[in-house]
Amino acid sequence: MIIRKRSEIWQWFTEGKIVPNNLNAAMLVAYPYPNEHNWLQLIANLVLFVGILLLGAGVIFFMAFNWDALANLTKFAIIESLFVAFIGGFYLANGVANTSKPPKFSALNAGWNLPNAMLLGASIMVGALLALVGQTYQTGADPWQLFALWAVFILPFAVIAGFDLLWLMVAVLLNVSLGIYFDSFSHVFGLLLEDIQIIAIFGLVNLSIHLLFTLARKLTWPAQLRFQCPAVEATSLLASIVSLTWLMIWVVFDFDSTVNLGYYWLLYLTVMATIFAWYRYRSPALYPLTLVLTSLCATIVSLLSRGLFESHDPIGIFLLIAMIIVGLTSGCLYWLKQIQTEFTAKAKLSHKDASDE
Amino acid sequence: MPAMSKSTNNPAQGSQAQLWQSLFNQGLVGNDIAPDTPLSSPWYIIGAQIIGGWIAALFILAFVLASIASVDDKEQSILVMGILITLGCLTYYRMGKSNQEFVLQMVFAFSISGQLMLLWGIYDALKHTDDGIIALMYTLVFALHWWLIPHKANQFMAAIAMVPSVLAILAIYQLSQLILPLLIVSLMLVWSQLYRWPQCYQRLRVLGYALSLNLLFANFALSDMGRWMDLPEVLLAFDARFSHYLAVIMVLLSALWLIHQVFNQLSTQPIELTNTAQLSRVKFIAILSAILISLLSIPMAGISTALLMLLLGYFYNEFKLLALAIGALVSFIGLYYYSLHINLFDKSLWLMASGVVLLLIRLAMALSIGKTIANKEQRHDVQ
């Protein structure tokens, strides 16, 4: 578990254990200035990734403009050439990286490298190509299909790269396609859905993405390393818990619902209890526990607020609820700090055991 | 390893002990026994604390409003209540000794609530006078909180609110063209002077983040994308183009100053990978890239600002600033689609041309550095 060195040093400084003149030097011990090699890596990655993003966005904008002077064949040729160039670039860069020669620029971390940048470029071109197909042949497809197909077609690239940014792109495209679909249709397999059910679906889809990445990372199998994407795990869990919390607030304040709300309570409590138990005992992590506790606090406050609306003397209840919120949040904070210490101790012990072996 | 053995009775303190030992080895601390300090909270716990504090503050505000509903002079009462609660909280923050979570969270909620009442009261009391005076009063309230409160979450909230209050004064007095340049200069000043006054380190750091967030928002609001939002007319009624050019120049000057700082700092380090000629070549590439990116910012608002923040975050090892800048960079490229000042065709050409130029720079860098490494290896073989 990483400690926040900046905060530790600041705390020692405020306690008088570091003299004012040494604060800067102490921070530099914890966080030294980047050296020449670090800067070269940053500049190389920056121009590479920003260049690919700008070029990709430029091509998409160009196709969206639908320039009449350019024949359809030429438009297809531009996108397909770029796509082939990116794929070719990936094979060349990957070949160079696999040879015994040291790479000219090693990445900031495993993901930010030249082969993955090429796959990112190819993934953007897939989207541009799909949009152009729809525009040229007037396929009559709905916009949600474009995003869904885009997500499906770039899946192999994401698996090959095992790169956070590409997986994040897949997750965002799936959510966007789902959003556009429900905006247009509001039904699944002929079953008309209420808004409350759509929120639940968003929560469950993102929870599934989180589960998929967590399990794929945990299980020992050949593709394990391709699913090491903490950013995707964190954002999908956040999206899921925010959706489920919103769902519960909706359930609490939905005075005239036509659906059975008991199922939502059951779903919410089961999901929260499972996430809590998993990250408390099976795979200790502080971030999911913070999200679960914040969600539970929000649900409890919603319940109390509903009681307030039904109360005849709300003045005193406002203050009571405020104090309950303070009590709940400070209780959670206190408990999370205890757990943080416990997790850090466990991490330290397991690290010690591993180094002893 | 005496310090490690002494301080690792509680294994949670192990990493702290290593850090302490590094400081001791550098002669920055007096003894080799790491103090038993509680672990600091990560950002998401502080985020949850802020959300909880805000919701509680709104309920407290509702309670006070409901309580004084029958009072004749409601405006004055709310101002007085705001002053009393705010002063009470400030006094507690300066003099209080309790570190109990409940007490700290309650004071935080009351402090936010008191500030909201104070703002309401000030607006009601001064609404018939100059708007600039109201904005000035708001600035003073937030500045006082930012300066006097040691509580990090509260300090951050005050800093976040203080910056737009200052900007509102500029907008009210028709000086809106100075908003972006002032934000950029302040950002550079704050981050570069972080350690000048060690006692103010935390204050300046939260101000640095507040300025960064406000700068990103200002870039968004003052560009064409701002039309999406229902912004006050006063904020948009100025020569945006002039302000924009001024901001681009300021970003370029700031980037050049930062590049100068970086190379000054690099020249003090032992050069491992390359030689001095190599360093000069890299400096030339860096300056060229800064100029190109600044030129790109003329049609594409916000890009150069996000890149400047990215460089600042990397130089000062501020991971959150770095992540914020990367997110802003991707957003500004995406939002450019909705920019109305040039047509989609021109936009696409700008984007493609700039993308190709950056990729060519990357290719030139790879060839240049590759050649240097090859020469170095060759020399090594000869020796």
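Which pairs have Cβ atoms under 9 Å, sit 6 or more apart or on different chains, and link a residue in the stretch A:125-153 that is over 17 Å from A:I87 (Cβ atoms) to one that is basic (K, R)?
Here the result reads A:L132/A:K75; A:Q135/A:K75; A:T136/A:K75, each pair linking the stretch A:125-153 to a residue that is basic (K, R).
Considering only helices (runs of 4 or more DSSP H) fully contained in the stretch A:1-100, which possess at least 1 residues that are at the interface with chain B (Cβ under 7 Å from one of its Cβ atoms) and at pLDDT 85 or above?
In the stretch A:1-100, the matching helices (runs of 4 or more DSSP H) lie at A:5-14, A:23-30, A:36-65.
Quick check: is even one residue across the stretch B:109-120 modelled with pLDDT of 90 or more, within 25 Å of B:L252 (Cα to Cα), assigned to a helix (DSSP H, G or I) and among the hydrophobic types (A, V, I, L, M, F, W, C)? Let's see the steps before the verdict.
Start the filter on the stretch B:109-120 by keeping residues that are modelled with pLDDT of 90 or more, which leaves B:109-120.
When the remaining residues are screened for being within 25 Å of B:L252 (Cα to Cα), the result is none.
No; the residues of the stretch B:109-120 include none that is modelled with pLDDT of 90 or more, within 25 Å of B:L252 (Cα to Cα), assigned to a helix (DSSP H, G or I) and among the hydrophobic types (A, V, I, L, M, F, W, C).
For the stretch A:205-229, give me the residue count where each residue is free of Cβ contacts under 8 Å to residues at least 60 places away in the same chain and among the hydrophobic types (A, V, I, L, M, F, W, C).
Adding up the residues that qualify gives 9.
When the stretch B:337-356 is examined, which residues are found to be within 29 Å of the chain's Cα centre (by Cα), within 7 Å of another protein chain (Cβ to nearest Cβ) and either under 15 Å from B:N219 (Cβ atoms) or of a type in the set (A, V, I, L, M) (or both)?
B:L351
Applying the selection to the stretch B:25-71, what residues are over 20 Å from A:A298 (Cβ atoms), facing chain A (nearest Cβ under 7 Å) and aliphatic (A, V, I, L, M)?
Once the filter is applied, which keeps residues that are over 20 Å from A:A298 (Cβ atoms), facing chain A (nearest Cβ under 7 Å) and aliphatic (A, V, I, L, M), the stretch B:25-71 yields B:L28, B:V29, B:L39, B:A66.
Would you pick out the residues in the stretch A:321-344 that are more than 9 Å from chain B (Cβ to nearest Cβ) and either under 19 Å from B:L65 (Cβ atoms) or touching a residue at least 24 places away in the same chain (Cβ under 8 Å) (or both)?
Answer for the stretch A:321-344, where residues must be more than 9 Å from chain B (Cβ to nearest Cβ) and either under 19 Å from B:L65 (Cβ atoms) or touching a residue at least 24 places away in the same chain (Cβ under 8 Å) (or both): A:W335, A:I339.
Select from the stretch A:323-343 the residues that are aliphatic (A, V, I, L, M) and out of contact with any Ser or Thr (no Cβ under 8 Å at 6 or more places or on another chain) and write down the one among them that is nearest to B:L104 (Cα to Cα).
Per the stated criteria, the residue is A:V326.
Answer yes or no as to whether B:F63 is over 25 Å from the mean Cα position of the chain (by Cα), of a type outside the set (V, I, T), assigned to a helix (DSSP H, G or I) and under 20 Å from A:S330 (Cα atoms).
No: the conditions fail for B:F63.
Being without any contact (Cβ under 8 Å) to a residue 12 or more places away in the chain and buried (at least 22 other Cβ atoms within 10 Å of the Cβ) narrows it down to one residue among B:F102, B:F59; which is it?
Going through B:F102, B:F59 in turn, just one is without any contact (Cβ under 8 Å) to a residue 12 or more places away in the chain and buried (at least 22 other Cβ atoms within 10 Å of the Cβ): B:F59.
Identify the residue in the stretch B:199-241 that is part of a helix (DSSP H, G or I) and charged (D, E, K, R) and, among all such residues, is modelled with the lowest pLDDT.
That would be B:E233.
Restricting to the stretch A:235-284, name every residue that is touching a residue at least 60 places away in the same chain (Cβ under 8 Å), hydroxyl-bearing (S, T, Y) and assigned to a helix (DSSP H, G or I).
Hits for the stretch A:235-284 are A:T235, A:S236, A:Y264.
So in the stretch B:278-312, with the set limited to residues that are in a loop (DSSP other than H, G, I, E, B) and closer than 20 Å to B:L213 by Cα, which one is nearest to the other protein chains (Cβ to nearest Cβ)?
In the first step, residues of the stretch B:278-312 are kept if they are in a loop (DSSP other than H, G, I, E, B); the result is B:297-302.
Imposing the further condition that a residue be closer than 20 Å to B:L213 by Cα reduces the set to B:297, B:300-302.
On the way: B:S297: 12, B:M300: 9, B:A301: 14, B:G302: 13 Å.
Ranking the qualifying residues of the stretch B:278-312, first place goes to B:M300.
With the requirement that a residue be buried (at least 19 other Cβ atoms within 10 Å of the Cβ) and either basic (K, R) or at pLDDT 90 or above (or both), what does the stretch A:153-173 give you? I'd like the intermediate steps shown before the answer.
So in the stretch A:153-173, the residues buried (at least 19 other Cβ atoms within 10 Å of the Cβ) come out as A:154, A:157-158, A:161, A:163-167, A:169-171, A:173.
If the condition is that a residue be buried (at least 19 other Cβ atoms within 10 Å of the Cβ) and either basic (K, R) or at pLDDT 90 or above (or both), then A:I154, A:F157, A:A158, A:L166, A:W167, A:M169, A:V170, A:A171, A:L173 are the ones that fit.
Of everything in the stretch A:205-262, what is surrounded by fewer than 18 Cβ atoms within 10 Å (Cβ to Cβ), of a type in the set (S, T, Y) and at pLDDT 85 or above? Give them in sequence order.
A:S208
Can you name every residue in the stretch A:275-318 that is within 11 Å of another protein chain (Cβ to nearest Cβ) and at pLDDT below 90?
Hits for the stretch A:275-318 are A:L304, A:S305, A:L308, A:D313, A:P314, A:I315, A:G316, A:I317, A:F318.
The values are calculated or read from the model by the stated rules, or taken from the named source; none is laboratory data. This structure is a prediction, so every number in the text was calculated from the model and none was measured. Backbone-built Cβ (ideal geometry, glycine too); neighbour counts: all protein chains shown.
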